[in-house]
Amino acid sequence: MVKKILVALLIILIIIQFIKPEKNIHAGPEPSDISTLYPVPSNVDSILSIACKDCHSNNTRYPWYNNFQPVAWFLANHVKDGKRSFNLNEFATYPVARQYDKIGEIKKQIDQGEMPISSYTLIHKDAILSDAEKKTVINWSENIRQQMEAKYPKDSLIKKRSPAPPVAG
């Protein structure tokens, strides 16, 4: 009985190897990249490339183990969630209030140790940010927020909340 279960599991494992998720690799320029609106110094871009862009851009550097299921599904879902939350390559398409909010989240996420996430840094040790790297990225994001505050009216930087549905009485 145990042998049949193991054989069935092996067959399933082999079959799922042929079901591959779409990869997050887009060739060519990114017309909506954050760099089209705000300067991204090379030292900041280097840090973002190592610690952020695999999940928060349209170009993921895939590790060798991404060729195996169900690992590829896990990574694809993780990247999809990361891009939905914040995508550096789609930044210019966001409404100004969302841009302002997302840039502010960079500092918050780094300060609270939430980014890069531990499941990523577990394998990607080079993505663990030093204090100097954290400060570099935070200063860059704060500078962008200051530029936005100088450029846009204050009320345009505040995300509008949807009104609460009426309470049935």
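The values are calculated or read from the model by the stated rules, or taken from the named source; none is laboratory data. The shown structure was predicted, so the numbers you read here are calculated from the model rather than taken from an experiment. Glycine also receives a Cβ, built like all others from the backbone with ideal geometry; neighbour counts cover every protein chain displayed. For accessibility, only protein heavy atoms count, side chains too; no ligands or nucleic acids. Shrake-Rupley method; radii C 1.70, N 1.55, O 1.52, S 1.80 Å.
Structure notes:
- Test: residue in region 23-34 that is touching a residue at least 40 places away in the same chain (Cβ under 8 Å), surrounded by 17 or more Cβ atoms within 10 Å (Cβ to Cβ) and assigned to a helix (DSSP H, G or I): yes
- Options 148, 115; residue that is of a type in the set (A, V, I, L, M) and either open to solvent by 40 Å² or more (accessible area, probe 1.4 Å) or touching a Pro at 6+ places or on another chain (Cβ under 6 Å) (or both): 115
- Screening residue 102 with (1) modelled with pLDDT of 90 or more; (2) under 30 Å from residue 64 (Cα atoms) gives one miss only, at (2).
- For region 76-100, a residue qualifies if it is over 19 Å from residue 124 (Cα atoms) and either open to solvent by less than 50 Å² (accessible area, probe 1.4 Å) or small (Gly, Ala, Ser) (or both), and the qualifying residues are 85, 86, 87, 88, 89, 91, 92, 94, 96, 97, 99, 100.
- Filtered by the rule that a residue be over 15 Å from the mean Cα position of the chain (by Cα) and either under 17 Å from residue 34 (Cβ atoms) or assigned to a helix (DSSP H, G or I) (or both), region 113-136 gives 125, 126, 131, 132, 133, 134, 135, 136.
- Of all residues in region 54-75, those that are outside any loop (DSSP other than H, G, I, E, B) and either open to solvent by 30 Å² or more (accessible area, probe 1.4 Å) or of a type outside the set (A, V, I, L, M, F, W, C) (or both) total 9.
- Near pairs, Cβ below 8 angstrom, 6+ apart or cross-chain, from region 77-106 (part of a helix (DSSP H, G or I)) to any residue that is among the aromatic types (Phe, Trp, Tyr): 96/152; 99/91; 100/152; 102/86; 102/91; 102/94; 105/86
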